[in-house]
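Undergrad: Sending over a structure as structure tokens; questions will come in a sec.
The values are calculated or read from the model by the stated rules, or taken from the named source; none is laboratory data. As the structure is a prediction and not an experimental result, all values here were calculated from the model. Every residue, glycine as well, gets a Cβ built from its backbone with ideal geometry; the counts of neighbours run over all protein chains shown. We work out accessible area using only protein heavy atoms, side chains counted, and drop any ligands, DNA or RNA first. Shrake-Rupley method; radii C 1.70, N 1.55, O 1.52, S 1.80 Å.
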Amino acid sequence: MKLLVDSGSTKADWIAIDENGKVLFTTQTLGLNPEVLDKEEIIARLDDKFDISHNKDKANFLYFYGAGCGTDRMKSFLSEVFRDYFTKASVSVYEDTYAAVFATTPKDESAIVCILGTGSNCSYFDGKVLHQKVQSLGYIAMDDCSGNRFGRHLLRGYYFNKMPKELATEFEEEYNLDADYIKNNLYKEPNPNAYLATFAKFLIKHKDNAFCQNIIRAEMKDFAENYIMQFENHRDVLVHFVGSIAFYLKDELEAILAEYDIRVGTVLRRPIDGLIQYHILNK
């Protein structure tokens, strides 16, 4: 049995397939970002799902594609956790960009591949190898155009009294905006980046509001200039996207990137289905 996992900071999609590619079960856990979780919390999230805990000794292979796995240290840490848990499985841990590449890019083609979800990332795939120009410093310092960045802008706009009154009223109705509650989620609870990203749904819902449009436009321009344009061939290849932010703001993304002569290719909400086909073909 192969376990295929596509994990962001908010959630992780799990699919188990047999040697012929038949789906045995699918499930979802909370995100398993090793940059913000310790071993005990990761194991607790695995144990919380019956399909995973019940079948952990049946897994022969685990292919994990995850946010926060961009450094050797994080890959090593998470691999060790998984080997202790899935005792009979050969474990492979990749940064989440590889899931996006395998799901969006035809074999042997080159492309720039981006993730816009809870966090953000951008790499160039030359058809064989993944190349990055920017090493992530995490959600506090980076993650342009991500869900957590949008959440940060909305909270700041609300608390600095810059959010239009009618929008602020609706914001209050949809979320608990008590300062102590917010600070507890930001500084004491796990996954503060995922908490910030929960506000992105509000921004997408009100994307035609001028206040929200300004946030979206500014973040997309920052992402283009700080990430995509690091690659000299950004006008020569398609730029593919994976993630809920890219998926639900596809029209805005295409329009803004067109200003830089950047061509948007495939846009997927999640890459897990594409990963099934990839692993069937490469078993």
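Undergrad: Cα-Cα pairs above 29 Å in the chain: how many percent?
TA: 35
Undergrad: Assign one of three labels to the stretch 167-239, namely rounded, prolate or oblate, based on the Cα gyration tensor with a ≥ b ≥ c the square roots of its eigenvalues; rounded applies when a/c is under 1.5, prolate when it is not and a/b is larger than b/c, and oblate otherwise.
TA: In terms of gyration-tensor shape, oblate.
Undergrad: When we measure straight from the Cα of K128, which lysines land under 21 angstrom away, once same-chain ones fewer than 8 places off are left out?
TA: Straight-distance partners of K128: K75, K107, K283.
Undergrad: Just the accessible area for V91, please: 1.4 Å probe, Å², rounded to the nearest 10?
TA: We get 20 Å² for V91.
Undergrad: Using a 1.4 Å probe on the protein heavy atoms only, what accessible surface does F102 show? Give it in Å² to the nearest 10.
TA: Roll a 1.4 Å probe over it and F102 shows about 50 Å².
Undergrad: Could you sort D6, D251 by accessible area so the largest value comes first, with the probe set to 1.4 Å?
TA: Ranked list, largest accessible area first: D251, D6.
Undergrad: By DSSP, what percent of the beta bridges with both residues in the chain are antiparallel, rounded to the nearest 5?
TA: 50
Undergrad: Right, next: Counting every Cα pair in the stretch 43-115, what percent are over 18 Å apart?
TA: 48
Undergrad: Rounded to the nearest 500, what is the chain's calculated 222 nm mean residue ellipticity when only DSSP H runs of at least 4 contribute -39500 (n - 2.57) each, over all residues?
TA: Helices in the chain give a 222 nm mean residue ellipticity of -12500 deg cm²/dmol.
Undergrad: Hey, in the GNM for the chain with a 10 angstrom Cα cutoff, which one of A168, A258, A179 fluctuates hardest?
TA: So, out of A168, A258, A179, the one fluctuating most is A179.
Undergrad: Note the full-extension length gain between L177 and N226 as 0.36 nm times their separation in residues minus their Cα-Cα distance, in nm to one decimal.
TA: Full-extension gain reported as 14.5 nm.
Undergrad: Beta carbons within 10 angstrom, averaged per residue: use that to sort the peptides 148-156, 33-41, highest first.
TA: Highest mean packing first, the order is 148-156, 33-41.
Undergrad: If you place +1 on the Cβ of every Lys and Arg and -1 on the Cβ of every Asp and Glu, how big does the dipole about the Cα centre of the stretch 57-206 come out, in debye to the nearest 20?
TA: Rounded to the nearest 20 debye, it is 240 debye.
Undergrad: Among E252, E219, E109, which one shows the highest mean-square fluctuation when the chain is modelled as a Gaussian network with alpha-carbon springs under 10 Å?
TA: Result for the chain, Cα springs under 10 Å: E109 fluctuates most.
Undergrad: Enumerate the whole-percent occupancy of each 10 Å bin, from 0 to the last occupied one, for all C-alpha pair distances of the stretch 133-283.
TA: 10, 35, 33, 17, 4, 0
Undergrad: Further question on the same structure: How big is the charge dipole of the stretch 3-146 about its Cα centre, in debye rounded to the nearest 20, if each Lys and Arg gets +1 on its Cβ and each Asp and Glu gets -1 on its Cβ?
TA: Roughly 240 debye, rounded to the nearest 20.
Undergrad: Magnitude of the Cβ-charge dipole of the stretch 129-199, K/R +1 and D/E -1, about the Cα centre, nearest 20 debye?
TA: 440
Undergrad: For L196, tell me the accessible area in Å² from a 1.4 Å probe, rounded to the nearest 10.
TA: Near enough 20 Å² of accessible area.
Undergrad: Further question: Take the stretch 82-180, compute every pairwise Cα distance, and split them into 10 Å bins from 0; I just need the percent in each bin.
TA: Distribution as computed: 13, 29, 24, 20, 12, 1 percent.
Undergrad: If I model a spin label at D236 and I140 as a point 7 Å from the Cα along the Cα→Cβ vector, what separation in nanometres do I get?
TA: Going by the 7 Å Cα→Cβ label model, 3.9 nm.
Undergrad: Put M142, M74, M229 in order of accessible area, largest first, 1.4 Å probe: what do you get?
TA: My answer, sorted largest first, is M229, M142, M74.
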